[in-house]
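Take a look at the structure below.
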Amino acid sequence: MVAAGTTLTGDVELNDDFHLDGVMKGNLTSKNDLIVSTTGRFTGDVKAKRVLVSGVLDGKIDADRLEIVASGQVSGEIKVRELVIESGGQFVGASQVKKHDTPRLTFVNDAAVKESGTVKSSAESQSS
């Protein structure tokens, strides 16, 4: 956490959530969440699981989910799976949607299909 009235300059890499009430200039990489509070100001690139902005964020964002609440302002390039902008929230920039990981479909009798190389319909299976 960076408290209000504090300025952090530099790059940060962590496995935990990061809560910003002050000012940060640099790049942040987190395996969890970035929260920019109403007093928070972030300038730089972000790579995180989820980003919640109530303050100001200026830079590139790569995340699964970006949420800009009513008081939040984001400018820059974003690449996200989910984008939520509450009424009053502001986004200026370019956006790109990440593809969702689609599960691979498998057959119940997947082993039988691999062995025989063919698939029988349930009607064929019952008559065999």
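Checked against (1) in contact with a Phe, Trp or Tyr (Cβ under 7 Å, 6 or more places away or on another chain); (2) touching a residue at least 24 places away in the same chain (Cβ under 8 Å), Leu28 meets all criteria but (2). Scoring Gly88 on the criteria (1) of a type outside the set (D, E, K, R); (2) modelled with pLDDT of 60 or more; (3) touching a helix residue (DSSP H, G or I) at 6+ places or on another chain (Cβ under 9 Å) leaves a single failure, condition (3). Among the residues of the stretch 68-77, are any in a strand (DSSP E or B), touching a residue at least 24 places away in the same chain (Cβ under 8 Å) and charged (D, E, K, R)? Looking for residues that are in a strand (DSSP E or B), touching a residue at least 24 places away in the same chain (Cβ under 8 Å) and charged (D, E, K, R), one finds none in the stretch 68-77, hence no. The residues of the stretch 10-30 that are of a type outside the set (A, V, I, L, M, F, W, C) and farther than 18 Å from Lys47 by Cβ, listed by number, are Asp21, Gly22. When Gly40, Gly22, Gly55, Gly76 are checked against the criterion of being closer than 18 Å to Lys98 by Cα and not basic (Lys, Arg), Gly76 stands alone in meeting it. Among the residues that make up the stretch 51-72, is at least one of them more than 20 Å from Gly10 (Cβ to Cβ), of a type outside the set (Asp, Glu) and open to solvent by 80 Å² or more (accessible area, probe 1.4 Å)? No - not one qualifying residue is present in the stretch 51-72. Please work out if Thr39 is in a loop (DSSP other than H, G, I, E, B), over 10 Å from the mean Cα position of the chain (by Cα) and at pLDDT 95 or above. So Thr39 fits the description; yes.
The values are calculated or read from the model by the stated rules, or taken from the named source; none is laboratory data. All of these numbers come straight from a predicted model, not from anything done at the bench. Don't worry about glycine lacking a Cβ; one is built from the backbone with ideal geometry, like all the others, and counts go over all protein chains shown. To get the accessible areas, we keep the full protein, side chains included, count just its heavy atoms, and leave off ligands, DNA and RNA. Shrake-Rupley method; radii C 1.70, N 1.55, O 1.52, S 1.80 Å.
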